């Protein structure tokens, strides 16, 4: 089973009127306009309206992040095709593989050939369905009302481990030093970690990060 950081299966009860297709790359004009300004979700009392505004705010960011992932994947597939055809990799090809390996946190095994490395990268680099990303953001951030979402622009419970890199959870376990990563603007989905594999199943990861969600 593919192991992808951050995503838990979570059923959305609210429809998204902005598009008729969760996976469509087209974004309704209203949604794009809403994305320019971060709403104060805690002040939206109507539940249906709050969910709709939350979706509209995040969707453009998620679409852009998915497009970045698709470009990375397309580059790798092109390199893989040339390798299979017994064509030597160019200096640029090798730089691309090295850059993506670092970005997606792939440690190249000693003795692994180029094709093996590329196949390992391809297993990590792929888009996630819009519905799952929105579900995880809603679950982790309390529909955009958690302290981490409001003060740190962190909707996915992403951790960091350098002092001052984010907000310290108020209920952090004794001996733990992680913080919840902060950003001066919304950029969590662009980093996402979307495609970064981890050695633990996604459900356990989400449960682990979610317990400090509101603190």
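The values are calculated or read from the model by the stated rules, or taken from the named source; none is laboratory data. Quantities reported herein were computed from a predicted structural model and do not represent experimental measurements. Cβ: placed from backbone, ideal geometry, glycine included. Neighbour counts: every protein chain shown.
Observations
- Listing of helices (runs of 4 or more DSSP H) fully contained in segment 72-183 that carry 2 or more residues being closer than 30 Å to residue 47 by Cα: 130-141, 147-152
One line per residue, one yes/no per condition, for (1) touching a helix residue (DSSP H, G or I) at 6+ places or on another chain (Cβ under 9 Å); (2) under 29 Å from residue 70 (Cα atoms):
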{"residue": "115", "(1), (2)": "yes, yes"}
{"residue": "118", "(1), (2)": "yes, yes"}
{"residue": "147", "(1), (2)": "no, no"}
{"residue": "150", "(1), (2)": "yes, no"}
{"residue": "153", "(1), (2)": "yes, yes"}
{"residue": "164", "(1), (2)": "no, no"}
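- Inspection of segment 70-80 identifies at least one residue that is in contact with a helix residue (DSSP H, G or I) (Cβ under 7 Å, 6 or more places away or on another chain), without any contact (Cβ under 8 Å) to a residue 40 or more places away in the chain and buried (at least 20 other Cβ atoms within 10 Å of the Cβ).
- The listed residues are 60, 39, and the only one of them that is touching a helix residue (DSSP H, G or I) at 6+ places or on another chain (Cβ under 7 Å), at pLDDT 85 or above, under 19 Å from residue 133 (Cβ atoms) and part of a helix (DSSP H, G or I) turns out to be 60.
- A single member of 174, 122, 130, 134 is closer than 30 Å to residue 76 by Cα and over 16 Å from the mean Cα position of the chain (by Cα), and it is 122.
- Out of 170, 147, sole residue that is farther than 22 Å from residue 100 by Cα, surrounded by fewer than 19 Cβ atoms within 10 Å (Cβ to Cβ), modelled with pLDDT of 85 or more and touching a strand residue (DSSP E or B) at 6+ places or on another chain (Cβ under 9 Å): 147
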